[in-house]
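The values are calculated or read from the model by the stated rules, or taken from the named source; none is laboratory data. Since the structure is predicted, the reported quantities are computational estimates derived from the model, not experimental observations. No Cβ is skipped: glycine too gets one built from the backbone with ideal geometry, and neighbour counts run over all protein chains shown. All accessible areas refer to the heavy atoms of the entire protein, side chains included, with ligands and DNA or RNA removed. Shrake-Rupley method; radii C 1.70, N 1.55, O 1.52, S 1.80 Å.
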Amino acid sequence: MTTPSSAPPLVFGAEVAAARAAGRPLVALESTIVTHGMPFPANVETARAVEAVIRAGGAVPATIAVLDGAIRVGLDDTTLERLATTTDVMKLSRADLAFAVATGRPGSTTVAATMIAAALAGIPVFATGGVGGVHRGAETTFDVSADLEELGRTAVTVVAAGAKAILDLPKTLEVLETKGVPVIGYGTDDLPAFWSRTSGLKAPLRLDSAAEIAAFLKARASLKLTGGVLVANPVPVADEIPAAEIAVHIEAALAAAAAQGITAKAVTPFLLGDMLERTGGRSLQTNIALVKNNARVAAEIAVALAR
Ligand code: PSU
Ligand code: MN
């Protein structure tokens, strides 16, 4: 027997509701980056700046989170600030999205949960920093982000600076290929590695403009191909931390995580925070720059799709 279902509990912010009524292009944004990815107040400032980039690109930002038992699509300034300053916000993925809705616990959405919410809200494009992936040592820990599974099943295009360099990138690419997820280097032949423009791996596909990506998405839809697409957009040259330079910090952060017994959902937030300290804040500056750059490209794609 199946559980009887009702309409999804979506609550649209005023700006998003107006955009939907007018048929304007929307770009979804996640909120785990706000609650677990960056410290206060850089998290709120970045969230606002990223929303501004999307507006400047002719689209409307829809930041997603779970509050008071509803999936909120589009957060006003006060709500965003409340989310950023509340402690004990759950980091939600597919497994626990409904838990936050049912219990009324506040929750921020990861890439996976944001994709689910964006699909429910009919938003085809989503910008973030870097997607989760296969963690190093996954052959013993089995730590593979639910983001990859979601990319395999939910039809949302995610613009990210590749996958975070703290991960095992070759294995991440293998899993994406198995799940049928197109990984598109945006204006590059190389797979970007979050803080760095190159990972030493080749991007499986390459497209050079938002119009080309829109055409590709339309071809996928015409073939009835389900699942998401990963647009891997390298951090701007001026903001990058070269791979050789960041590698030592990644090794040290991974060793610290192992020594402190960090596991499961805590791994990614711990590593991002630890990297921030090891780089004297530089990793955060690069993270902010790459999210803005992804928002710019996502807005271009949303506008091109709406044409
Ligand atoms: N990108 C960032 N900062 C982040 C994340 C992505 O620049 O904090 C978050 C996303 O929400 C992503 C999550 O879904 O990290 C991955 O967590 P995990 O490895 O536990 O699946
Ligand atoms: Mn994990």
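Inspection of region 57-79 identifies at least one residue that is open to solvent by 30 Å² or more (accessible area, probe 1.4 Å), within 15 Å of Val291 (Cα to Cα) and of a type outside the set (Phe, Trp, Tyr).
For region 116-146, filtered to residues that are more than 13 Å from ligand 1 (Cβ to nearest atom) and among the β-branched types (Val, Ile, Thr), the residue that is nearest to the chain's Cα centre (by Cα) is Val125. Confirm whether Arg296 is open to solvent by 50 Å² or more (accessible area, probe 1.4 Å) and over 17 Å from Pro192 (Cβ atoms). In short, no. Can you spot a residue in region 241-257 that is within 15 Å of the chain's Cα centre (by Cα) and within 19 Å of Thr128 (Cβ to Cβ)? There is no residue in region 241-257 that is within 15 Å of the chain's Cα centre (by Cα) and within 19 Å of Thr128 (Cβ to Cβ). Is region 93-100 home to any residue that is over 18 Å from Leu10 (Cβ atoms) and surrounded by fewer than 20 Cβ atoms within 10 Å (Cβ to Cβ)? Yes - at least one qualifying residue is present in region 93-100. Applying the condition of being under 17 Å from Asp96 (Cβ atoms) and among the polar types (S, T, N, Q) to region 121-154 and asking which residue is farthest from ligand 2 (Cβ to nearest atom) yields Thr154. Kindly check whether there is at least one residue in region 215-227 that is open to solvent by 60 Å² or more (accessible area, probe 1.4 Å), touching a residue at least 12 places away in the same chain (Cβ under 8 Å) and of a type in the set (Ser, Thr, Tyr). Yes, region 215-227 has at least one match.
Please verify whether region 114-130 includes one or more residues that are free of Cβ contacts under 8 Å to residues at least 60 places away in the same chain, in contact with a helix residue (DSSP H, G or I) (Cβ under 9 Å, 6 or more places away or on another chain) and open to solvent by less than 10 Å² (accessible area, probe 1.4 Å). No, every residue in region 114-130 fails to be free of Cβ contacts under 8 Å to residues at least 60 places away in the same chain, in contact with a helix residue (DSSP H, G or I) (Cβ under 9 Å, 6 or more places away or on another chain) and open to solvent by less than 10 Å² (accessible area, probe 1.4 Å). Selection over region 1-51 of residues that are part of a loop (DSSP other than H, G, I, E, B) and not β-branched (Val, Ile, Thr) gives a count of 17.
Show me the helices (runs of 4 or more DSSP H) entirely contained within region 90-203 in which 1 or more residues are among the basic types (Lys, Arg).
Working: elements: 97-103, 111-121, 138-141, 146-153, 169-178.
Filter on region 90-203 gives 146-153, 169-178.
I'd like to verify a number: residues in region 230-264 that are part of a helix (DSSP H, G or I) and at positive phi, how many?
Restricting attention to region 230-264, the residues satisfying the condition of being part of a helix (DSSP H, G or I) are 237-239, 243-259, 264.
Subsequent filtering for residues that are at positive phi retains 264.
Residues that pass the stated criteria total 1.
Just one of the numbered conditions (1) over 17 Å from Thr32 (Cβ atoms); (2) surrounded by fewer than 22 Cβ atoms within 10 Å (Cβ to Cβ) is not true of Phe270: (1).
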